[in-house]
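Here's the structure, in structure tokens; my notes come after.
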Amino acid sequence: MSAIAAMHGIVSSLWAGIFVVEPSAKTGIHHHGEQDTVVYVLEGEACVRWGDLGEHSATVRAGDFLHVPGWLPHQEINSSREHTFQWVVVRSTPEPIVVNLPDDFWTPTNSKPLKRNASEH
């Protein structure tokens, strides 16, 4: 759900909104292109995986901040069977960028380095 966005008549170099993941759900593996993203966890708990092979992970909880650099493959996982997790998201461009990657992206035989800037596309 967007809060600060052109679609609301707000001219800004940033985008902001609320992100919710339902109980026992997860996002697909994805990145945000050139966007840097900062999140603040409002409620719940999530495991965030990241890296070229999904080799890193951390648990974030209410009150935590998280920075996701541009081009970083990552995934959010809500392991709770009862509670959603919600966070405030602020992105470094006026429109959100979400590039979904294949479900097997982190499989060693499939993993390919991401192109890290727009000039390489």
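If you go through region 31-89 and keep only what is surrounded by 19 or more Cβ atoms within 10 Å (Cβ to Cβ), of a type in the set (S, T, N, Q) and closer than 17 Å to Trp106 by Cβ, you end up with just Gln75.
Can you confirm whether Arg116 is of a type in the set (Lys, Arg), modelled with pLDDT of 95 or more and more than 15 Å from the chain's Cα centre (by Cα)?
It is false that Arg116 is of a type in the set (Lys, Arg), modelled with pLDDT of 95 or more and more than 15 Å from the chain's Cα centre (by Cα).
For region 72-88, the set of residues classified as over 20 Å from Asn100 (Cβ atoms) and of a type in the set (A, V, I, L, M) consists of Val88 only.
Scanning region 52-75 for residues that are closer than 12 Å to Trp87 by Cα and of a type outside the set (Val, Ile, Thr) yields Arg61, Ala62, Gly63, Asp64, Phe65, Leu66. Annotation note: of Ala16, Ala3, Ala46, the sole residue that is under 26 Å from Asp103 (Cβ atoms) and not in a loop (DSSP other than H, G, I, E, B) is Ala46.
The values are calculated or read from the model by the stated rules, or taken from the named source; none is laboratory data. Quick caveat, the model's predicted, so the values are computed rather than measured. Glycine gets a Cβ as well: all are built from the backbone with ideal geometry, and neighbour counts include every protein chain shown.
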